[in-house]
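Quick notes on the structure that follows.
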(Lines give C-alpha, C1' and ligand atoms only; values in the text may rest on other atoms or scores of the structure.)
Protein backbone atom coordinates (compact mmCIF):
# COMPACT_ATOMS: atom_id res chain seq x y z
CA UNK A 1 0.00 0.00 0.00
CA UNK A 2 2.81 2.38 0.86
CA UNK A 3 4.54 1.71 -2.44
CA UNK A 4 1.32 2.40 -4.37
CA UNK A 5 0.86 5.60 -2.40
CA UNK A 6 4.42 6.65 -3.19
CA UNK A 7 3.88 5.92 -6.89
CA UNK A 8 0.66 7.97 -6.87
CA UNK A 9 2.45 10.85 -5.12
CA UNK A 10 5.34 10.68 -7.58
CA UNK A 11 2.91 10.82 -10.50
CA UNK A 12 1.20 13.88 -9.09
CA UNK A 13 4.53 15.60 -8.50
CA UNK A 14 5.60 14.79 -12.05
CA UNK A 15 2.34 16.19 -13.44
CA UNK A 16 2.67 19.41 -11.41
CA UNK A 17 6.30 19.88 -12.38
CA UNK A 18 5.50 19.26 -16.05
CA UNK A 19 2.58 21.72 -15.87
CA UNK A 20 4.75 24.41 -14.25
CA UNK A 21 7.50 23.91 -16.83
CA UNK A 22 4.94 24.09 -19.63
CA UNK A 23 3.51 27.33 -18.25
CA UNK A 24 6.97 28.85 -17.89
CA UNK A 25 7.89 27.75 -21.40
CA UNK A 26 4.73 29.35 -22.80
CA UNK A 27 4.89 32.54 -20.77
CA UNK A 28 8.61 33.27 -21.10
CA UNK A 29 8.34 34.87 -24.59
CA UNK A 30 5.57 37.14 -23.29
CA UNK A 31 7.69 38.08 -20.28
CA UNK A 32 10.70 38.75 -22.51
CA UNK A 33 8.62 40.96 -24.78
CA UNK A 34 7.33 43.06 -21.88
CA UNK A 35 10.74 43.11 -20.19
CA UNK A 36 12.49 44.22 -23.39
CA UNK A 37 9.93 46.96 -24.01
CA UNK A 38 10.82 48.44 -20.60
CA UNK A 39 14.59 47.91 -20.75
CA UNK A 40 16.89 50.86 -21.59
CA UNK A 41 18.94 50.53 -24.78
CA UNK A 42 22.26 50.43 -22.96
CA UNK A 43 21.15 47.25 -21.17
CA UNK A 44 19.18 45.69 -24.02
CA UNK A 45 22.16 45.48 -26.35
CA UNK A 46 24.56 43.98 -23.83
CA UNK A 47 26.30 40.77 -24.87
CA UNK A 48 24.72 38.84 -21.98
CA UNK A 49 21.42 40.57 -21.07
CA UNK A 50 19.97 39.80 -17.66
CA UNK A 51 16.56 38.27 -17.08
CA UNK A 52 15.60 41.20 -14.84
CA UNK A 53 16.64 44.73 -15.91
CA UNK A 54 18.35 46.89 -13.30
CA UNK A 55 16.03 49.78 -14.17
CA UNK A 56 12.88 50.32 -16.20
CA UNK A 57 12.03 52.99 -18.74
CA UNK A 58 9.06 54.08 -20.82
CA UNK A 59 11.24 55.73 -23.45
CA UNK A 60 10.41 53.08 -26.05
CA UNK A 61 6.68 53.70 -25.64
CA UNK A 62 7.18 57.46 -25.80
CA UNK A 63 9.18 57.07 -29.00
CA UNK A 64 6.58 54.69 -30.38
CA UNK A 65 3.69 57.12 -29.94
CA UNK A 66 5.47 60.40 -30.65
CA UNK A 67 8.18 59.60 -33.22
CA UNK A 68 6.67 56.81 -35.29
CA UNK A 69 3.49 56.15 -37.24
CA UNK A 70 2.41 53.28 -35.02
CA UNK A 71 -0.98 54.82 -34.15
CA UNK A 72 -1.75 55.04 -37.88
CA UNK A 73 -0.89 51.35 -38.24
CA UNK A 74 -2.98 50.53 -35.17
CA UNK A 75 -6.08 52.42 -36.32
CA UNK A 76 -5.80 50.90 -39.80
CA UNK A 77 -5.73 47.42 -38.26
CA UNK A 78 -8.75 48.16 -36.08
CA UNK A 79 -10.69 49.45 -39.08
CA UNK A 80 -9.78 46.53 -41.33
CA UNK A 81 -10.24 43.80 -38.70
CA UNK A 82 -13.61 45.07 -37.40
CA UNK A 83 -15.17 45.65 -40.83
CA UNK A 84 -13.82 42.36 -42.17
CA UNK A 85 -15.19 40.45 -39.19
CA UNK A 86 -18.64 42.04 -39.39
CA UNK A 87 -19.02 41.37 -43.11
CA UNK A 88 -17.64 37.83 -42.85
CA UNK A 89 -19.88 36.88 -39.91
CA UNK A 90 -23.04 38.13 -41.62
CA UNK A 91 -22.27 36.33 -44.88
CA UNK A 92 -21.11 33.18 -43.05
CA UNK A 93 -24.29 33.04 -40.97
CA UNK A 94 -26.48 33.23 -44.07
CA UNK A 95 -24.36 30.72 -46.00
CA UNK A 96 -24.08 28.28 -43.10
CA UNK A 97 -27.81 28.39 -42.46
CA UNK A 98 -28.47 27.65 -46.12
CA UNK A 99 -25.96 24.78 -46.06
CA UNK A 100 -27.60 23.12 -43.05
CA UNK A 101 -31.30 23.88 -43.49
CA UNK A 102 -32.11 24.42 -47.15
CA UNK A 103 -32.16 21.80 -49.90
CA UNK A 104 -30.85 22.97 -53.27
CA UNK A 105 -28.85 21.61 -56.16
CA UNK A 106 -25.09 21.71 -55.69
CA UNK A 107 -25.22 22.08 -51.90
CA UNK A 108 -22.70 19.31 -51.22
CA UNK A 109 -20.35 20.70 -53.84
CA UNK A 110 -20.47 24.15 -52.25
CA UNK A 111 -19.82 22.69 -48.80
CA UNK A 112 -16.76 20.86 -50.09
CA UNK A 113 -15.59 23.99 -51.92
CA UNK A 114 -15.82 25.98 -48.69
CA UNK A 115 -13.79 23.34 -46.87
CA UNK A 116 -11.08 23.26 -49.53
CA UNK A 117 -10.99 27.06 -49.67
CA UNK A 118 -10.42 27.04 -45.90
CA UNK A 119 -7.41 24.73 -46.35
CA UNK A 120 -5.90 26.69 -49.25
CA UNK A 121 -2.70 28.57 -48.22
CA UNK A 122 -2.81 32.34 -48.63
CA UNK A 123 0.56 32.27 -50.42
CA UNK A 124 -1.13 30.51 -53.36
CA UNK A 125 -3.60 33.35 -53.87
CA UNK A 126 -1.65 36.54 -53.30
CA UNK A 127 -0.60 36.94 -56.97
CA UNK A 128 -4.14 36.65 -58.42
CA UNK A 129 -5.42 38.77 -55.53
CA UNK A 130 -2.86 41.44 -56.38
CA UNK A 131 -4.02 41.41 -60.00
CA UNK A 132 -7.67 41.64 -58.92
CA UNK A 133 -7.05 44.53 -56.54
CA UNK A 134 -4.93 46.28 -59.17
CA UNK A 135 -7.75 46.09 -61.74
CA UNK A 136 -10.15 47.49 -59.14
CA UNK A 137 -7.80 50.43 -58.58
CA UNK A 138 -7.44 49.67 -54.88
CA UNK A 139 -3.70 49.12 -54.63
CA UNK A 140 -2.38 50.90 -51.55
CA UNK A 141 -5.90 51.30 -50.18
CA UNK A 142 -6.72 49.58 -46.90
CA UNK A 143 -10.25 48.89 -48.13
CA UNK A 144 -8.69 46.34 -50.49
CA UNK A 145 -7.68 44.29 -47.45
CA UNK A 146 -11.32 44.10 -46.37
CA UNK A 147 -12.18 42.54 -49.73
CA UNK A 148 -9.19 40.20 -49.83
CA UNK A 149 -9.48 39.01 -46.23
CA UNK A 150 -12.95 37.67 -46.96
CA UNK A 151 -11.27 34.86 -48.92
CA UNK A 152 -9.60 33.80 -45.68
CA UNK A 153 -12.20 34.55 -43.04
CA UNK A 154 -15.46 33.52 -44.72
CA UNK A 155 -14.38 29.90 -45.46
CA UNK A 156 -13.20 29.53 -41.86
CA UNK A 157 -16.37 31.09 -40.42
CA UNK A 158 -18.61 28.95 -42.65
CA UNK A 159 -16.69 25.79 -41.79
CA UNK A 160 -17.21 26.44 -38.07
CA UNK A 161 -20.78 27.75 -38.17
CA UNK A 162 -22.03 24.84 -40.27
CA UNK A 163 -21.14 22.56 -37.36
CA UNK A 164 -22.84 24.86 -34.84
CA UNK A 165 -26.04 25.16 -36.85
CA UNK A 166 -26.15 21.42 -37.55
CA UNK A 167 -26.14 20.80 -33.80
CA UNK A 168 -29.35 22.82 -33.30
CA UNK A 169 -32.49 20.61 -33.43
CA UNK A 170 -34.63 21.25 -36.48
CA UNK A 171 -37.75 20.81 -34.36
CA UNK A 172 -37.20 24.31 -32.93
CA UNK A 173 -37.46 25.83 -36.39
CA UNK A 174 -40.42 23.67 -37.29
CA UNK A 175 -42.25 25.07 -34.27
CA UNK A 176 -41.39 28.58 -35.48
CA UNK A 177 -42.70 27.74 -38.97
CA UNK A 178 -45.98 26.62 -37.43
CA UNK A 179 -46.24 30.04 -35.79
CA UNK A 180 -45.85 31.68 -39.21
CA UNK A 181 -42.14 32.46 -39.26
CA UNK A 182 -40.22 32.53 -42.50
CA UNK A 183 -36.73 31.06 -42.79
CA UNK A 184 -35.20 34.48 -42.18
CA UNK A 185 -37.32 35.11 -39.07
CA UNK A 186 -36.54 31.62 -37.78
CA UNK A 187 -32.85 32.32 -38.29
CA UNK A 188 -33.00 35.61 -36.41
CA UNK A 189 -35.36 34.62 -33.61
CA UNK A 190 -34.48 30.96 -33.06
CA UNK A 191 -31.10 29.99 -34.49
CA UNK A 192 -29.01 33.06 -33.70
CA UNK A 193 -29.84 33.24 -29.96
CA UNK A 194 -29.00 29.56 -29.54
CA UNK A 195 -25.84 29.78 -31.68
CA UNK A 196 -24.62 32.99 -29.99
CA UNK A 197 -21.72 31.24 -28.16
CA UNK A 198 -20.53 29.68 -31.41
CA UNK A 199 -20.86 32.96 -33.29
CA UNK A 200 -18.85 34.74 -30.56
CA UNK A 201 -16.08 32.16 -30.87
CA UNK A 202 -16.00 32.44 -34.66
CA UNK A 203 -16.05 36.25 -34.53
CA UNK A 204 -13.16 36.26 -32.05
CA UNK A 205 -10.98 34.03 -34.21
CA UNK A 206 -12.01 35.89 -37.36
CA UNK A 207 -10.92 39.18 -35.81
CA UNK A 208 -7.62 37.63 -34.78
CA UNK A 209 -7.02 36.25 -38.28
CA UNK A 210 -7.62 39.68 -39.82
CA UNK A 211 -5.58 41.44 -37.16
CA UNK A 212 -2.51 39.22 -37.56
CA UNK A 213 -2.48 38.81 -41.35
CA UNK A 214 0.83 39.93 -42.84
CA UNK A 215 1.34 38.66 -46.40
CA UNK A 216 -1.53 40.47 -48.16
CA UNK A 217 -0.99 43.62 -46.10
CA UNK A 218 2.69 43.68 -47.05
CA UNK A 219 2.07 43.06 -50.77
CA UNK A 220 -0.92 45.36 -51.26
CA UNK A 221 -0.06 48.25 -48.93
CA UNK A 222 3.13 50.21 -49.65
CA UNK A 223 2.30 53.56 -48.05
CA UNK A 224 2.70 53.85 -44.25
CA UNK A 225 -0.63 55.69 -44.10
CA UNK A 226 -2.39 52.50 -45.28
CA UNK A 227 -0.32 49.81 -43.60
CA UNK A 228 -1.51 47.66 -40.72
CA UNK A 229 0.20 46.72 -37.47
CA UNK A 230 2.06 43.56 -38.61
CA UNK A 231 3.64 45.43 -41.52
CA UNK A 232 4.25 48.47 -39.34
CA UNK A 233 6.14 46.42 -36.77
CA UNK A 234 8.33 44.94 -39.49
CA UNK A 235 9.20 48.48 -40.60
CA UNK A 236 11.14 49.00 -37.35
CA UNK A 237 13.94 47.03 -38.95
CA UNK A 238 16.47 48.91 -41.04
CA UNK A 239 18.68 46.61 -43.09
CA UNK A 240 20.31 44.38 -40.46
CA UNK A 241 19.55 46.74 -37.59
CA UNK A 242 16.64 45.75 -35.37
CA UNK A 243 15.19 48.50 -33.17
CA UNK A 244 14.22 46.07 -30.44
CA UNK A 245 12.75 48.69 -28.14
CA UNK A 246 10.18 49.76 -30.74
CA UNK A 247 9.59 46.20 -31.93
CA UNK A 248 8.86 44.87 -28.45
CA UNK A 249 6.79 47.83 -27.27
CA UNK A 250 4.71 47.85 -30.47
CA UNK A 251 4.26 44.06 -30.26
CA UNK A 252 2.94 44.40 -26.71
CA UNK A 253 0.47 47.13 -27.69
CA UNK A 254 -0.59 45.17 -30.78
CA UNK A 255 -1.36 42.09 -28.68
CA UNK A 256 -3.74 43.94 -26.35
CA UNK A 257 -6.86 44.07 -28.60
CA UNK A 258 -6.84 40.31 -29.13
CA UNK A 259 -6.19 39.67 -25.43
CA UNK A 260 -9.02 41.99 -24.38
CA UNK A 261 -11.36 40.41 -26.93
CA UNK A 262 -10.55 36.92 -25.66
CA UNK A 263 -11.13 38.05 -22.07
CA UNK A 264 -14.63 39.26 -22.92
CA UNK A 265 -15.42 36.24 -25.09
CA UNK A 266 -13.91 33.56 -22.86
CA UNK A 267 -17.25 32.71 -21.22
CA UNK A 268 -18.49 31.71 -24.67
CA UNK A 269 -15.36 29.75 -25.58
CA UNK A 270 -16.01 26.44 -23.80
CA UNK A 271 -19.71 26.40 -24.68
CA UNK A 272 -19.10 27.42 -28.27
CA UNK A 273 -16.25 25.04 -28.96
CA UNK A 274 -18.15 22.15 -27.38
CA UNK A 275 -21.25 22.94 -29.43
CA UNK A 276 -19.22 22.97 -32.60
CA UNK A 277 -18.12 19.43 -32.04
CA UNK A 278 -21.60 17.95 -31.63
CA UNK A 279 -23.83 16.87 -34.48
CA UNK A 280 -27.29 15.39 -34.45
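The values are calculated or read from the model by the stated rules, or taken from the named source; none is laboratory data. Quick caveat: nothing in here was measured; it's all calculated off a predicted structure. Heads up, the Cβs are rebuilt from the backbone with ideal geometry, glycines too, and the neighbour counts pull from every protein chain shown.
Criterion applied to 102, 75 was being assigned by TED's automatic domain parsing to the domain that holds residue 256 and either in contact with a helix residue (DSSP H, G or I) (Cβ under 9 Å, 6 or more places away or on another chain) or at pLDDT below 85 (or both), and the one residue passing it is 102. Checked against the criterion of being farther than 23 Å from residue 211 by Cα and in a loop (DSSP other than H, G, I, E, B), the candidates 104, 109 yield just one match: 104. Residues that are buried (at least 18 other Cβ atoms within 10 Å of the Cβ) and either more than 14 Å from residue 211 (Cα to Cα) or under 13 Å from the mean Cα position of the chain (by Cα) (or both) within the range 69-83 comprise 70, 77, 80, 81, listed in sequence order. Is it the case that residue 86 is without any contact (Cβ under 8 Å) to a residue 40 or more places away in the chain and either surrounded by 13 or more Cβ atoms within 10 Å (Cβ to Cβ) or touching a strand residue (DSSP E or B) at 6+ places or on another chain (Cβ under 8 Å) (or both)? The answer is yes for residue 86. Here the helices (runs of 4 or more DSSP H) wholly within the range 166-280 that include at least 3 residues being modelled with pLDDT of 85 or more are 196-212, 215-220, 229-234, 244-276.
Looking at the structure I just gave you, is residue 21 over 29 Å from residue 231 (Cα atoms), assigned to a helix (DSSP H, G or I) and either in contact with a helix residue (DSSP H, G or I) (Cβ under 6 Å, 6 or more places away or on another chain) or modelled with pLDDT of 85 or more (or both)? Don't jump to the end; show me each part of the working.
Details: over 29 Å from residue 231 (Cα atoms): yes; assigned to a helix (DSSP H, G or I): yes; either in contact with a helix residue (DSSP H, G or I) (Cβ under 6 Å, 6 or more places away or on another chain) or modelled with pLDDT of 85 or more (or both): yes.
For residue 21, the condition - over 29 Å from residue 231 (Cα atoms), assigned to a helix (DSSP H, G or I) and either in contact with a helix residue (DSSP H, G or I) (Cβ under 6 Å, 6 or more places away or on another chain) or modelled with pLDDT of 85 or more (or both) - is met.
In the set (1) under 21 Å from residue 96 (Cβ atoms); (2) over 20 Å from the mean Cα position of the chain (by Cα), the condition left unmet by residue 124 is number (1).
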